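The values are calculated or read from the model by the stated rules, or taken from the named source; none is laboratory data. Keep in mind the model is a prediction, meaning the values are calculated, not measured. Cβ atoms come from the backbone with ideal geometry, glycine included; neighbour counts cover every protein chain shown.
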């Protein structure tokens with residue numbers, strides 16, 4: 001039976017292959033951070049728009065300061081935000097400040113620390129070459145340049161870059177709406193005093209946080225009782241979403257409630273179980289045209305699966321980078337050999353040296369313990385049938401924190 005379980009990489013590839021990006025919309029820069037560009041951003045101006053001084057000093061002709069000391073006559077000033085409109089001729093200098101346009105005839109800036117001044121005469125004490133301390137026109141970008149490609153997730157620096165290119169708005173993909181609900185008669189919301197045989201639900205709030213952090217819009221449909229009609233009603237209310245997530249009700253022993261409830265509504269299951277721990281009972285399919293991901297009801301399993309499958313899915317829906325960005329670390333403790341499923345061990349993630357970070361798996365990997373996941377900085381990825389590993393060996397990890 002284990003051999004029939006779907007490998008993790010294949011499961012993720014099948015989920016991503018079935019998704020389509022959301023439509024584009026135009027947003028102001030103030031609303032664009034964290035969004036994904038739908039079209040490349042094209043510069044509407046040249047920056048700098050002219051040759052500018054990079055330092056405070058004097059604008060001169062390089063040929064006049066090729067040998068020093070050189071005595072020049074100061075004929076004017078170019079303040080920041082202003083300019084000197086006359087041509088600089090041989091034997092002349094113009095007092096200039098950072099950011100001011102280079103006057104006609106000048107081709108070099110001599111910084112003020114390399115000069116001495118007496119009235120209208122400035123003595124240059126260090127030889128200069130053509131172009132020294134000059135920011136040439138178009139050094140940063142020119143009108144028509146493709147500043148940022150489609151598919152880029154916008155950072156604060158990108159927003160500043162867009163503003164500098166004279167763009168007030170950007171075309172980005174709409175944030176995908178991710179609808180979700182938990183199933184279980186035993187579940188009560190946080191802040192409620194649970195009765196006998198009841199437990200406080202952690203999944204909805206945890207999943208909403210992941211969706212928000214990944215760039216989606218969470219649509220929390222609440223806690224649904226173990227009732228076929230109630231499950232159908234919740235699923236129907238998600239029809240306008242871009243993806244539906246169910247939590248619980250999808251594994252053997254949980255009455256297969258999701259499959260039983262939603263098959264009459266057109267549920268087409270692609271796969272049901274995968275070869276990983278925690279999180280074997282992962283389901284993926286479509287409810288009509290709506291992509292649907294069924295996560296385990298166990299909170300740790302649900303959140304680990306969300307990191308591996310939902311985050312990349314939200315990135316794909318936005319037209320962004322859907323790759324799983326793993327890295328390497330040194331093991332902080334020895335590990336036994338692994339079984340037939342890919343294992344994701346909750347681990348500390350410490351940068352204790354200038355070399356590789358150290359990933360130390362928690363002593364307990366009980367999937368009921370959210371405290372262990374909360375304190376973890378990464379997941380140590382153990383391939384199926386991986387041999388025993390000693391402390392200090394290199395392992396692949398998935399960081400959990402930015």
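Observations on the model:
- In this structure, residue 359 does not satisfy being out of contact with any helix residue (DSSP H, G or I) (no Cβ under 6 Å at 6 or more places or on another chain) and in a loop (DSSP other than H, G, I, E, B).
- In the stretch 189-206 there is no residue matching the filter, namely being touching a residue at least 40 places away in the same chain (Cβ under 8 Å) and more than 31 Å from the chain's Cα centre (by Cα).
Here is a yes/no grid of residues against (1) surrounded by fewer than 20 Cβ atoms within 10 Å (Cβ to Cβ); (2) over 24 Å from residue 20 (Cα atoms):
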position	(1), (2)
260	yes, yes
266	yes, no
299	no, yes
312	no, no
318	no, no
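- Tally of residues being modelled with pLDDT under 95 and within 26 Å of residue 278 (Cα to Cα) across the stretch 226-241: 1
- In the stretch 94-113 there is no residue matching the filter, namely being touching a residue at least 60 places away in the same chain (Cβ under 8 Å), farther than 19 Å from residue 164 by Cα, surrounded by 14 or more Cβ atoms within 10 Å (Cβ to Cβ) and in contact with a helix residue (DSSP H, G or I) (Cβ under 7 Å, 6 or more places away or on another chain).
- The condition (being touching a strand residue (DSSP E or B) at 6+ places or on another chain (Cβ under 9 Å) and more than 24 Å from residue 261 (Cβ to Cβ)) is satisfied by just one residue among 223, 210: 210.
- For the criterion of being surrounded by fewer than 20 Cβ atoms within 10 Å (Cβ to Cβ), more than 14 Å from residue 132 (Cβ to Cβ) and within 48 Å of the chain's Cα centre (by Cα), residue 71 fails.
- Any hit, the stretch 110-126, residues being assigned to a loop (DSSP other than H, G, I, E, B) and at pLDDT below 95: yes
- Every residue from the stretch 115-129 that is buried (at least 18 other Cβ atoms within 10 Å of the Cβ) and without any contact (Cβ under 8 Å) to a residue 60 or more places away in the chain: 115
- Any chance residue 29 is at pLDDT below 95 and surrounded by 14 or more Cβ atoms within 10 Å (Cβ to Cβ): no
- The stretch 162-188: number of residues that are in contact (Cβ under 8 Å) with a residue 40 or more places away in the chain, closer than 21 Å to residue 258 by Cα and surrounded by fewer than 23 Cβ atoms within 10 Å (Cβ to Cβ): 3
- Pick from the stretch 1-17, criterion at pLDDT 95 or above and surrounded by fewer than 16 Cβ atoms within 10 Å (Cβ to Cβ), ranking: farthest from residue 343 (Cα to Cα): 17
- Count - residues of the stretch 99-116 that are over 11 Å from residue 59 (Cβ atoms) and touching a strand residue (DSSP E or B) at 6+ places or on another chain (Cβ under 7 Å): 6
- Residue check, residue 396 modelled with pLDDT of 95 or more and closer than 23 Å to residue 208 by Cβ: no
- Of all positions in the stretch 226-240, at least one carries a residue that is touching a residue at least 40 places away in the same chain (Cβ under 8 Å), surrounded by fewer than 21 Cβ atoms within 10 Å (Cβ to Cβ) and under 26 Å from residue 190 (Cβ atoms).
- As a summary of the residue check, residue 253 satisfies the conditions (1) under 21 Å from residue 281 (Cβ atoms); (2) surrounded by fewer than 21 Cβ atoms within 10 Å (Cβ to Cβ); (3) at pLDDT 95 or above; (4) out of contact with any helix residue (DSSP H, G or I) (no Cβ under 9 Å at 6 or more places or on another chain) except for the one numbered (3).
- Failed item in (1) more than 13 Å from residue 277 (Cα to Cα); (2) surrounded by fewer than 19 Cβ atoms within 10 Å (Cβ to Cβ); (3) at pLDDT 95 or above; (4) in contact with a strand residue (DSSP E or B) (Cβ under 9 Å, 6 or more places away or on another chain), with residue 383 passing the rest: (1)
- Qualifying positions in the stretch 44-68 - assigned to a helix (DSSP H, G or I) and surrounded by 18 or more Cβ atoms within 10 Å (Cβ to Cβ): 64, 65
- The sole residue among 293, 207, 244 that is part of a helix (DSSP H, G or I) and at pLDDT 95 or above is 207.
- Residue check for residue 351: in contact (Cβ under 8 Å) with a residue 40 or more places away in the chain and farther than 22 Å from residue 370 by Cβ: no
- Restricting the stretch 130-161 to residues that are touching a helix residue (DSSP H, G or I) at 6+ places or on another chain (Cβ under 7 Å) and surrounded by 17 or more Cβ atoms within 10 Å (Cβ to Cβ), the residue that is nearest to residue 203 (Cα to Cα): 152
- Any hit, the stretch 311-331, residues being assigned to a helix (DSSP H, G or I) and out of contact with any helix residue (DSSP H, G or I) (no Cβ under 9 Å at 6 or more places or on another chain): yes
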